[in-house]
Each structure stands twice: as structure tokens, then as C-alpha cells.
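See structure below.
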Amino acid sequence: MDITPLLSNLAELHAHVGSSIAPHVLWHIANAEGYKLPKRDYHEFSNYVVLTQKRKMTLKEYLDEIYHPILDKLSSGTRALEKAVYETFSGAYRGGITLYELRGNPMKHNKEGEVDLDHAILAMLHGMERSLLEYPKLRAGIIFCLDRQFNLKQNTVIVEKAIKYAHRGVIGIDFSNYNKNGFHYKDYAALVKKARNHGLHVTAHTGETVDTNDMWECIESIAPERIGHGIKAAYDTDLMKEIAKRNIVLEVCPLSNLVTKAVKNIDEMKHIFSQFERYGVQFTINTDWPETIEGGHLDEQFIFLYEHGLLNKEQIKKAIQTAFQATFVPNERKTNLYL
Ligand SMILES: [Zn+2]
């Protein structure tokens, strides 16, 4: 039984700007902008930013040493952002993805305030529009990530920008990064409500590396439609029942969890999927970091899951279908552009 026919019409719901840029594009940007890089040779650079099953790093190590200082930096500023987003969507479509939700925090791509935020956001949207025009069968949208290390005031600015650009293709908000001391979802209930009133959808990174208390608080305070990762729920029966009851869809990113050691091995990943099946938890398969994990493209992830016996063909079909149903990208439009 072959899954290849399923892999030409895929939906990606969880991928970040910095780690969706192919290493050769990062290299082009770095050289065009004249940035110094930790490696002088392209292949050495590519091996440095890409994690593999043999070269793993914890999420914190990767974020602190590579993601924020290199990937975020190279995808900052208007020219870099437009190119990064354009290349990401275009490459994804050529790789079998027909629906792509890309997420990023515009405040992490504006050179620490040197670049006007509206210019940074419009650069992202221009990049998306260019690829949508070039590939009329591609549907896409951008999710703005709030940062749990930011204060409420900073995150409020991000939500206000998301509202401002909702008619141009900003489709939702997300909560990312580690919890700062004192971060509580309940403090965001009013802001999330405001976002929803303006047609934005809501997801949140939770249950990736920490216990399920954070997931409970997240669900009860902001009622997200989807959850990024959520794999720790597999160890909390009541939580799985609650997620299933509320029809919350999990954005599972298996290879990302394996290379960052959030899941210790393939057997644990298998256990997580079987628990979700058992308790009727809906899940989708995503990349998180399609270009910074070896073999991390979405079609390759499905092949990995299939070949290692983590999911069978029917389960793969269902996960793909669930992703198309759970998308934040609006459906009934005459064109794929936000006009
Ligand atoms: Zn993520």
C-alpha cells in the first residue's frame, strides 16, 4: 500500500517563519544584507541550522542558540521578510502543499523596533500575495504569534495589528515561546475575545514540553479552536476527553518533537497517537520547522510516519482531511487573493 497519491494535496497548519526558510534562501539573504554568519561555507552553515535524528537539541537550546539569533535575524527587515515569505509559500506549493498557514511574530522581524511594524507586516503580506498570484491553486494565510515572554501591552499591539490586517490575509493569533513568570492565559481572555469579534481564529502552543496544567488553563481561559503540539495530553485522560468534547484540533508536529527531545523516541510518539485515537482526539500533522529538520517537509513527515508504523494509510488520510476542515483560511472566495 502506497501513500504517494495522498501527498500532492496537503495542508500545513503549523509552521514558523524563521524555520520555514530553506537554508539556501537564508544564505542568499545573509549575503545580500552582508551579515556575518557563524559558518563561512554554505554546507557548514546548512548543517549548523538543520537538526537531524542524530543531531538533536532541546527546544530551549535551539531557540536560544540558533532560532532567535540566526533565523529570526535573517528574516528581519522588509526585503528579507518579503523574500522569506514568498520563497516559503512558493516552495511549499511545489512540494505538494495546497493550503499553508504560516505563523510569525512581526515584532521578532522588525530589527528590534528599527523597522516600522506596518512595513514589516506589509512585507510579509506582499510575499504571500506574490506567491498566491503565481500559484492560483494555493490557499494561504498568516497567523500572528503573541509571545508569552512579552507583556500584555506588547501583545495587545500584535493583536491590534492582526485585526488591522485581517482583511489582507492575517487569519488568526497564536501564543508562542516559554511562559514567563506570571504569565496567565486568563489575563488574555478579553484580548482574545476582541480578536475573535474581528473574525480572527485562535490557537496556542501548549503541552509541548511542559505538563498539562498549562493546557487546562489555556482551554479554560481562552478556548482555542486548535492547539499547537498538545502531545502531553496523551498522559491525561480527562484532558483528552475534554479536548475531544470541545472539538479542539491538535497541530501535532512529530519530527519537531523528536529532534527537540520533547518526545523521547518513536515508541513514545506511537503511544501518543494511539492514545489520541483511543479517546477521539482530532489531530493534524504539521512540520513546525519544515526547513530546519532533515527530512522535515510535510510529505516526508507523512512518509516517515507511515514507514515507521506510527500511522496507517487511513489515519494519514483522516489527518489530512482534518487539517483542511480545521483551517483558519477562509473558504468561499472567488480568488485565493485577499481582495
Ligand atoms: Zn511551533
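What follows is calculated from the coordinates using simple rules that are stated; it is not laboratory data. What you see is a predicted model, and the numbers here were worked out from it, not measured in a lab. Cβ: placed from backbone, ideal geometry, glycine included. Neighbour counts: every protein chain shown.
What to note about this one:
- Integer Hz, Karplus 6.51/-1.76/1.60 couplings in order for the range 34-49, x for Gly and Pro: x, 6, 7, 10, x, 10, 8, 9, 4, 5, 5, 4, 4, 5, 6, 8
- Among the GluC sites (Glu not before Pro) within the range 85-154, those in coil by DSSP and having at most 12 neighbouring Cβ atoms inside 10 Å are Glu112, Glu114.
- Across the options Leu99, Ala120, His68, the greatest Cα extent toward the positive end of the charge dipole of the range 53-122 (unit charges at beta carbon of Lys, Arg, Asp, Glu) belongs to Leu99.
- Unsatisfied cross-links (Cα-Cα over 28 Å) in the set Lys73/Lys193; Lys111/Lys164; Lys56/Lys108; Lys137/Lys264; Lys54/Lys83: Lys73/Lys193; Lys137/Lys264; Lys54/Lys83
- Neighbour count of at most 15 Cβ within 10 Å plus DSSP loop: longest trypsin sites (Lys or Arg not before Pro)-free window in the chain: 265-332
- Hz values of 3J(HN,Hα) by residue in the range 240-245 - Karplus curve (6.51, -1.76, 1.60), Gly and Pro given as x: 4, 4, 5, 4, 5, 4
- The order of Glu251, Glu12, going from fewest to most other C-beta atoms within 10 Å of their C-beta, is Glu251, Glu12.
- GNM remark for the chain: springs join alpha carbons under 10 Å apart, and the peak mean-square fluctuation among Asp64, Asp299, Asp41 falls on Asp41.
- Put in order of Cβ neighbour count within 10 Å, fewest first, the listed residues Thr88, Thr98 become Thr98, Thr88.
- Simple point charges give the picture: +1 on the Cβ of Lys and Arg, -1 on the Cβ of Asp and Glu, and for the range 4-326 a dipole about the Cα centre of about 380 debye.
- Pairs of Cα atoms in the chain fall into 20 Å distance bins, from 0 up to the last occupied one, in shares of 33, 62, 5 percent.
- Net charge over other residues, Cβ less than 11 angstrom from the Cβ of Asn336 (K, R count +1; D, E count -1): +2
- Summarising the amide proton neighbourhood of Phe175: residues at separation of 5 or more, or on other chains, whose placed amide H is nearer than 5 Å comprise Leu146, Thr203, Ala204, His205.
- Taking the charge dipole of the range 139-212 about its Cα centre, with +1 at Lys and Arg Cβ atoms and -1 at Asp and Glu Cβ atoms, the residue from Ile142, Val157, His167 reaching farthest to the positive side is His167.
- Taking every DSSP beta bridge that has both ends in the range 4-326, the antiparallel portion is near 0%.
- Packing-based exposure ordering (other Cβ within 10 Å, fewest first) of Leu310, Leu337, Leu122, Leu81: Leu337, Leu122, Leu310, Leu81
- Global form of the range 198-339, assessed from the alpha-carbon gyration tensor, a/c cut-off 1.5: oblate
- If you wrap the tightest convex hull around every Cα atom of the range 121-232 and split its volume per residue, you get 109 Å³.
- Mean separation of Cα pairs under 8 Å and 6 or more residues apart, divided by the residue count, gives the chain a relative contact order of 21 percent.
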